[in-house]
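This report concerns only the one structure given below.
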Amino acid sequence: MKNIDSRTHVRGESIYLDDIPVIRGTLFGAAFGSPVAHGVIRHLDLTVAEAMPGVVRILTYKDVTGENQIGGIVPDEPLLAEHHVHYCGMPIAFVVAATDDEARAAVKKISVDIDPLPVITDPREAQALDELIIRPRTFRLGDTATAWEQCAYIFDGTADTNGQEHLYIETQGAYAVPQENNGIKLYSSTQGPTAVQRAVARSSGLPMHQIDVDVTRLGGGFGGKEDQANMWAALCALAAHILRKPVKYALHRMEDMAMTGKRHPYSSDFKIGLDNDLKIVAYEATFYQNAGAAADLSPAVMERTLFHCTNSYFIPNVTATAYCCRTNLPPNTAFRGFGGPQGMFVIEAAITKAAESLGVDAAIIQAQNLNKTGDEFPYGQKAVSESHICWNKAQDVYEIDVIRGQIAAFNDTSTLYKKGLALMPVCFGISFTNTRMNQARALVHVYTDGSVGVSTGAVEMGQGVNTKMVQVAAHVLSIQSERVKLHSTSTYRIANTSPSAASATADLNGKAVEMACTSIIQRLKAVVAEELQVSVDEITLKDEFVYWGDKKTDWYWQRLVMAAYTKRVSLSEHAHYATPDIHYDATKEKGHPFAYHVYGTAIVEVTVDCLRGTYEVDAVKVVHDFGVSMNPLVDRGQIEGGIVQGIGWMTMEEVVFDKAGRLRSNALSTYKVPDIYSVPKQIIIEPLKTEQDNQAIFRSKAVGEPPLMYGIGAYFALRNAVLAFNPAATIPFDAPMTPEKVLLALYNVNAIRRTMPFANDQTANSLEINP
Ligand code: MTE
Ligand code: HPA
Ligand code: MOS
């Protein structure tokens, strides 16, 4: 089935926040963010701004009618700063004016005196100062302390990954419309309507039932709107509540880039020990997560780093510790993979370090250590593994030996261009790591004309979940998909939703839709069985008709629906689904947190221009574990998009904060994302169809996040291309591998520095990549 949004998308008719017709009298908000990253507010001067044309009101923390707090996991994030500011861009005041432009003009006239405090941007520095947001956590399997003795080889090192800007095409925003008796209707570009509802309830002081959050779709979220849509919605709602006028705020790109958190940068230490057969005997990792100035989702992201710290490998002795480090950056947040990619990068770096030191291909170590069914993850769950089959199938269908041969031949004859190859296995757990979030509800109404309305807690953000929900309803009801309409996601129709995240949206909400439709079908079957005077067990529905045994009857869908209505049988159902059998005990760091895992292997091929340091990704060839895809086109889109986003993170996207905590890469002129010219020239996806039961909807495994991690292969492929040019290159594990870093590595910057005529001491220092 094609994506139900394709027609309106192509025609520009799909409705996003900024397309909602604005009610007359609507006011526009704009936030004034802290100009410094850390300090104490001495004086806030609003007088000039208040006198600006169109300004209706400027709100500060003093105006907050409820609790000045929006922190979800830890209450450490005020809606508006009181006395302290903790990051550049932290909202201090909210201007409400007659127009968008007037609100922004007034923001520029606000001045604030801040006594600066020391700024921390580095997570290791934060950890040394005990600036931790939650207690450190350690996952353990076996005993690394004694295991080192069994190792023939031990290597250690550090591995760093930078942040990543979400760059959803639609920026953050909200539109709050006051309703009678203090109610508020909120349109919000959020992955988590209930998260917005809670944040608004808390900060306004209204009960949740007064707040209807309604979401039609997002122009992308990628995790950036799992929690961080709350701020803007709460500000608009507060203003609407106080002024009894509709208030809208849609952030400009630069506001969005400067004020919202990103993927967490991590700095990590690793130690890996192998035996003579290159089996990994022991692995230790310490992760320093750069959480930013408030908890946001960092504790959960950190947990997923630990869950995925061994990627697809079975390692009998593991000790992995993670620190959630408070720094003076905007609070970092969910981003596709949710900490998993950061954990996987480190184990891949460790394997690569071992391989390079031993002079073997990393793929030999990778293959030797892939997990098998029954192997225990460090958190206690046993694998139902597709690792070997994905890996082997990738080698076979893509003829890895041929590829290797071609690359070797190319590199033998080419001096200025070198090719590199890397394999990237992926194993990603599906479920919210917070067990209680694994629940969902659906509301299905069959109308008397036979059309069907479905509401769920799922938010469409381009990933195609609404299409999948329609497929589930149409399939279970045995009707054409055109009869099914998916309604916007509203907290009045579906309560207490988990955000659309963790790749689990289609599974959780789809199962609820399946349950609701099954209940309705059972009632309809009883109606027709009674009419036909036959047993319900003999009744089936197929292609909109009732069958009695094999015999097609003249009972068609609308007739059936009308008969049920006439008999006063309910044509509506609300169903609740909770993922069975998952549990986790954080005091022991053991349990069974995931419904299942998604596996895959990618082969990534790159070519480096060794004169310029620029590169191209020639191909990404994947074997991906779909289970049984219920929508191969939608799923292909997810895989292609995930791969490109992963490659962007690993290669060109470079978030730069200066020492003062100011974002320097604050626009698309300074922050480079993959464009059509830099996507891989070839992406081939070979499905691994797994027939056995899993807990996915219709056995169609979750696909949203796992493919991002195939992109990690691009980093290691580039590294191999550089080493093909300069085998003596010393390349720190420090992603992204930008063209600048490639160039420095190609010519071993330490050697170059001495001879560069223009290099004064200062530029030499700034060039130093491997101190
Ligand atoms: N695809 C598109 N087009 N836009 C998005 O914002 N978000 C990703 C992924 N794919 C995203 C996307 C993230 S972070 C997640 S968790 C999943 O989609 C969420 O949707 P799902 O649970 O339906 O897979
Ligand atoms: N993924 C995404 N969001 C989450 C998770 C998760 O595992 N846990 C809590 N929020
Ligand atoms: Mo996705 S990072 O779980 O929104």
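Observations on the model:
- Complete set of residues in region 219-234 that are away from ligand 2 (no atom under 14 Å from the Cβ) and within 21 Å of P706 (Cα to Cα): G219, G220
- Across region 526-544, the number of residues qualifying as closer than 20 Å to H475 by Cα and open to solvent by 60 Å² or more (accessible area, probe 1.4 Å) comes to 6.
- Once region 435-452 is narrowed to residues that are within 26 Å of V561 (Cβ to Cβ) and of a type in the set (V, I, T), the residue that is surrounded by the most Cβ atoms within 10 Å (Cβ to Cβ) is V446.
- The criterion of at least 1 residues that are touching a helix residue (DSSP H, G or I) at 6+ places or on another chain (Cβ under 6 Å) is met, among strands (runs of 3 or more DSSP E) falling completely within region 555-637, by 572-578, 583-585, 596-609, 615-627.
- Any pair with Cβ under 7 angstrom, 6 or more apart, that starts in region 488-502 at a residue that is open to solvent by 20 Å² or more (accessible area, probe 1.4 Å) and ends at one that is charged (D, E, K, R) and more than 10 Å from ligand 1 (Cβ to nearest atom): S488/D214; Y492/D212
- Any chance V459 is more than 24 Å from G339 (Cβ to Cβ) and buried (at least 23 other Cβ atoms within 10 Å of the Cβ): no
- For region 390-421, the set of residues classified as among the β-branched types (V, I, T) and closer than 20 Å to L743 by Cα consists of T415 only.
- Of all residue pairs spaced 6 or more apart or on separate chains, those with beta-carbon atoms under 9 Å, a first member in region 386-410 that is assigned by TED's automatic domain parsing to the domain that holds K689 and a second member that is at pLDDT below 95 and open to solvent by less than 20 Å² (accessible area, probe 1.4 Å) are E386/T690; I389/T690.
- A506 vs. criteria part of a helix (DSSP H, G or I) and either in the same structural domain as I211 (by TED's automatic domain parsing) or modelled with pLDDT of 95 or more (or both): yes
- Matching residues in region 148-179 - criterion: being buried (at least 21 other Cβ atoms within 10 Å of the Cβ) and over 29 Å from M650 (Cβ atoms): G173, A174, Y175, A176, V177
- Of the helices (runs of 4 or more DSSP H) lying entirely inside region 208-320, those carrying at least 2 residues that are buried (at least 24 other Cβ atoms within 10 Å of the Cβ) are 230-243, 298-307.
- Residues that are assigned to a loop (DSSP other than H, G, I, E, B) and touching a Ser or Thr at 6+ places or on another chain (Cβ under 8 Å), drawn from region 339-373: G339, N371, K372, T373
- Scope region 563-577; condition under 45 Å from the mean Cα position of the chain (by Cα) and surrounded by 14 or more Cβ atoms within 10 Å (Cβ to Cβ); matching residues: A564, Y565, V569, L571, E573, H574, A575, Y577
- Residue match in region 300-313 (condition: aliphatic (A, V, I, L, M) and more than 16 Å from ligand 2 (Cβ to nearest atom)): no
The values are calculated or read from the model by the stated rules, or taken from the named source; none is laboratory data. The structure displayed is predicted, hence computed values, not measured ones. In this analysis, Cβ positions are derived from the backbone assuming ideal geometry, glycine residues included, and neighbour counts consider all displayed protein chains. SASA here: full protein model, heavy atoms, side chains in, ligands and nucleic acids out. Shrake-Rupley method; radii C 1.70, N 1.55, O 1.52, S 1.80 Å.
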